[in-house]
Amino acid sequence: MRKLGNQRHALIEALHSLQQSFGYLDKPGLTYVAASLKIPLSRVYGVATFYNHFTLKPQGEHACVVCTGTACYIKGARELLKSVSAQQGIGPGETSPDGRLSVLTARCFGACGLAPVVVIDSDVVGRLTPDLLQQKLRGVTSRAR
Amino acid sequence: MLAEELKAIASQERDASASRTACINVCGAAGCHSLESNALKDALVEAAAVQGYSAETYAVRKVGCLGLCGAGPLVSVDPSGILYQRVKPSDAAELIGSLDGPPVERIRLDSSLPFFARQKRIVLENSGRIDPERLEDYIAADGYLALTKVLSEMTPLEVVAEIHKSGLRGRGGAGYPTGLKWGTVAKAIGSPKLVICNADEGDPGAFMDRSVLESDPHRVLEGMAIAAYATGASEGYIYVRAEYPLAVERLKTAIRLAERHGLLGNNICGSSFNFRIFIRLGAGAFVCGEETALIASIEGLRGTPRPRPPYPAESGLWRHPTLINNVETYANVAPIIRNGASWFAQIGTERSKGTKVFALAGAIANAGLIEVPMGITLRDIIFQIGGGIPEGRAFKAVQTGGPSGGCIPESFLDTPVDYETLSKLGSIMGSGGMIVMDETSSMVDVARYFMEFCMTESCGKCIPCRAGTAQMHELLGRFTNQTAGPSDLGLLESLCDMVKHTSLCGLGQSAPNPVISTLRYFRAEYEAGFAREGVS
């Protein structure tokens with residue numbers, strides 16, 4: 001925040017840094033940002049909930065983000081999502097009870113040439129089938145980050 | 001940096017590349033990057049060293065997008081121009097070993113394919129040819145020549161006139177004449193003036209801007225600097241999606257390098273012109289592609305649009321006169337200045353000049369990024385360049401313009417692509433996403449998919465969009481579940497009309513487009529969704 005001169009318009013940038021450091025936005029964090037940028041907490045909350053990128057819930061150890069952009073949708077993103085949900089027993093936006101994996105969806109990573117695409121942690125994996133994805137996820141969740 | 005210094009760097013770079021026997025270019029854009037092109041590059045460097053080639057004679061470089069993302073990772077070899085596809089690190093030794101002999105046919109990609117031959121590259125001319133992280137590469141490709149030209153030879157008014165004469169129109173989708181926009185900002189009263197680059201490529205299925213930013217970031221910076229000079233602006237902002245970390249990284253590098261060499265900052269190229277560029281990250285909101293919502297987002301607010309007028313050209317970011325253009329629009333500026341407006345104006349059709357970059361994806365053989373002259377037919381794009389539909393399936397429709405566009409059926413494939421004809425067909429040019437669908441796709445389902453997108457992305461400020469999209473989504477669900485009644489079709493049509501004409505911003509106004517166009521061309525599929533006897 002100091003880098004951006006504690007200016008009010010730096011709110012989104014500040015939330016980005018906060019989420020990058022802690023993985024999600026918690027109340028003490030939001031209160032701190034509000035106080036230092038001199039913005040009402042209600043407005044900080046409003047901005048944090050408006051944008052899809054920000055999350056107010058703690059995330060699992062690993063993240064599996066299924067792209068639901070048009071190209072991936074045509075190429076079977078729905079089946080991918082269904083199979084992951086069935087395998088892990090959680091729906092999109094949820095974290096498995098043991099806290100190891102979060103299943104999320106996103107709108108397009110711009111890697112449509114490889115559709116359907118899933119981002120596991122920060123690796124983009126393309127040309128997936130439900131079986132291949134389950135295999136990959138088993139590999140990811142069995143090893144500690 | 002002065003014009004002479006630029007020339008010196010350019011000739012130095014050209015000498016260096018002329019003295020090399022071959023240069024191996026590995027694609028490092030997001031598609032190939034995710035297929036581990038970095039490991040491939042390391043393997044190639046290692047193989048070259050093992051086989052005794054020195055770095056001076058055989059260089060291995062990381063370059064921007066080579067276009068055919070579906071066949072990545074791609075490798076090209078200069079000067080022979082040989083292309084390789086789906087190259088694995090284990091192929092590295094064989095590839096290097098073939099440098100002095102015949103190419104490796106097993107992984108070779110025919111570069112005379114229509115995919116490459118039918119393209120005309122202006123925006124993407126350096127894509128896949130230069131290392132996006134080296135300023136010298138861009139300068140050697142005539143980079144920043146246009147900026148030094150406008151600073152030393154042209155007045156701001158002359159620059160605006162030149163862009164106007166070229167016939168360039170906004171590449172973000174709406175196609176507003178760029179010269180007119182620049183002229184309005186130049187004439188606006190108030191200071192400082194600001195320049196914004198809209199790189200919030202929210203349309204799912206479009207990746208043109210990402211590719212330009214990753215492959216040739218300096219081109220966008222140069223275009224913005226020229227726009228700032230023409231309009232009298234001193235600060236610029238690039239609003240880029242947080243989902244594109246590689247593009248953000250390369251932009252940051254490019255800005256740093258340009259500032260260090262005096263191509264951005266104070267007294268650019270020894271003139272009295274000052275211009276600085278800042279990056280602002282988006283946070284995943286489709287509506288922020290709308291210019292007033294984007295401005296709100298840069299100000300740190302919720303990204304909701306506001307009624308226009310006043311247009312941003314008069315009262316934009318922090319109420320200053322603001323010029324907003326899309327990445328691809330800025331990328332067209334430098335070549336227009338360099339080669340002249342009349343050169344640009346001879347490409348394309350009567351009212352749509354130049355080229356357009358499309359992101360081809362979906363049910364198509366050659367998925368990837370293409371740049372074609374305006375006026376080419378959809379059939380040529382899909383069946384010649386795109387290589388047709390894979391797995392022997394039949395073509396059904398092509399969707400352009402994303403959630404704001406429409407689906408075009410086979411019978412209209414021979415219409416030339418330009419702003420006017422596409423909107424006549426009920427679609428839009430849009431930012432350039434082009435999704436091909438085969439016979440297995442249900443059009444009602446596609447319409448519902450886009451409606452769900454618009455529903456969740458609606459900012460909620462105006463009621464027609466907030467409530468209308470939810471109602472339409474619900475209605476479309478009845479058709480996909482086959483529980484719809486005959487009156488639902490009429491209701492859907494009147495809702496489309498209402499949302500289209502009463503919404504505040506472009507998101508709502510164009511949200512019904514996918515429904516209207518599929519109703520127009522694929523009405524039978526909707527009628528098949530009526531509840532059957534005994535089913536309710």
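What the table below lists for this structure:
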{"quantity": "Test: residue in the stretch B:140-156 that is assigned to a loop (DSSP other than H, G, I, E, B) and in contact with a His (Cβ under 6 Å, 6 or more places away or on another chain)", "calculated": "yes"}
{"quantity": "Output for the stretch B:169-184, where each listed residue is more than 24 Å from B:Q509 (Cβ to Cβ) and touching a Pro at 6+ places or on another chain (Cβ under 8 Å)", "calculated": "none"}
{"quantity": "Some residue of the stretch B:488-505 being free of Cβ contacts under 8 Å to residues at least 60 places away in the same chain, assigned to a loop (DSSP other than H, G, I, E, B), of a type in the set (D, E, K, R) and farther than 26 Å from A:A106 by Cβ", "calculated": "no"}
{"quantity": "Complete set of residues in the stretch B:191-218 that are small (G, A, S) and within 15 Å of B:G128 (Cβ to Cβ)", "calculated": "B:S211, B:S215"}
{"quantity": "Subset of the stretch B:431-447 [in contact with a Ser or Thr (Cβ under 6 Å, 6 or more places away or on another chain) and more than 21 Å from B:F383 (Cβ to Cβ)]", "calculated": "B:V444, B:D445, B:A447"}
{"quantity": "Members of the stretch A:108-136 that are more than 12 Å from chain B (Cβ to nearest Cβ) and within 16 Å of the chain's Cα centre (by Cα)", "calculated": "A:D121"}
{"quantity": "Residue satisfying all of: in the stretch B:304-327; part of a helix (DSSP H, G or I) and in contact with a helix residue (DSSP H, G or I) (Cβ under 6 Å, 6 or more places away or on another chain); surrounded by the most Cβ atoms within 10 Å (Cβ to Cβ) among these", "calculated": "B:V327"}
{"quantity": "Filter result for the condition that a residue is within 12 Å of chain B (Cβ to nearest Cβ), polar (S, T, N, Q) and in contact (Cβ under 8 Å) with a residue 12 or more places away in the chain, over A:T95, A:T105, A:T141", "calculated": "A:T105"}
{"quantity": "Selection from the stretch B:58-79 of residues that are within 14 Å of chain A (Cβ to nearest Cβ) and in a loop (DSSP other than H, G, I, E, B)", "calculated": "B:G64, B:C65, B:L66, B:G67, B:L68, B:G72, B:P73, B:L74"}
{"quantity": "Flag for B:M434 being closer than 18 Å to A:I74 by Cβ and out of contact with any Gly (no Cβ under 9 Å at 6 or more places or on another chain)", "calculated": "no"}
{"quantity": "Selection within the stretch B:375-401 - buried (at least 23 other Cβ atoms within 10 Å of the Cβ) and more than 21 Å from B:E439 (Cα to Cα)", "calculated": "B:I376"}
{"quantity": "Enumeration of residues in the stretch B:338-395 that are of a type outside the set (G, A, S), assigned to a loop (DSSP other than H, G, I, E, B) and within 14 Å of another protein chain (Cβ to nearest Cβ)", "calculated": "B:I364, B:N366, B:I389, B:R393"}
{"quantity": "Total residues in the stretch B:259-279, condition within 17 Å of B:C197 (Cα to Cα) and crowded, with 22+ Cβ neighbours inside 10 Å", "calculated": "3"}
{"quantity": "Unique match (being within 13 Å of chain B (Cβ to nearest Cβ), among the small types (G, A, S) and within 20 Å of B:V240 (Cβ to Cβ)) among A:A77, A:A34, A:A71, A:A10", "calculated": "A:A10"}
{"quantity": "Test: residue in the stretch B:362-375 that is modelled with pLDDT under 95 and under 30 Å from B:A484 (Cβ atoms)", "calculated": "yes"}
{"quantity": "Checking A:S96 against (1) under 25 Å from B:G202 (Cβ atoms); (2) at pLDDT below 90; (3) not aliphatic (A, V, I, L, M), the condition it does not meet", "calculated": "(1)"}
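The values are calculated or read from the model by the stated rules, or taken from the named source; none is laboratory data. In this text, all values refer to a predicted model and were calculated from it rather than measured experimentally. Cβ: placed from backbone, ideal geometry, glycine included. Neighbour counts: every protein chain shown.
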